[in-house]
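Readers should treat all values here as calculations from the given coordinates under stated rules, not as data from a laboratory. Note that the coordinates shown come from a computational prediction; the quantities given were computed from them, not determined experimentally. Heads up, the Cβs are rebuilt from the backbone with ideal geometry, glycines too, and the neighbour counts pull from every protein chain shown.
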Amino acid sequence: MTSPTQKPLFHVLKGNPDSTELAALTAVLTSLAAQQSAKAADTRTERNMWGRPADRLQRTTLYNPNAFQNVTFY
């Protein structure tokens, strides 16, 4: 019975790390990946309402020069 081969998490390009160093690096990288995926799932971004399709369906407001007749300036 053959097991499916998985893509390695990382490659060591220089040096000769022992198994404990590889295990520590693997633990750090997997925890960072788990934190990033949890952060991406919980992040709610602010919606940008610029150019909403509903704005194109509404009438524009009319200019009313008599709207501020009661404003007094000091």
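Between ALA40 and GLN6, the FRET efficiency from the beta-carbon distance, with R0 = 30 Å, is close to 0.85.
Take each peptide in 56-66, 29-39, count the other Cβ atoms within 10 Å of every residue, and average; sorted highest first, the result is 29-39, 56-66.
Remark: spin-label model distance ASP18-LEU62 equals 8.6 nm, labels positioned 7 Å along the Cα→Cβ axis.
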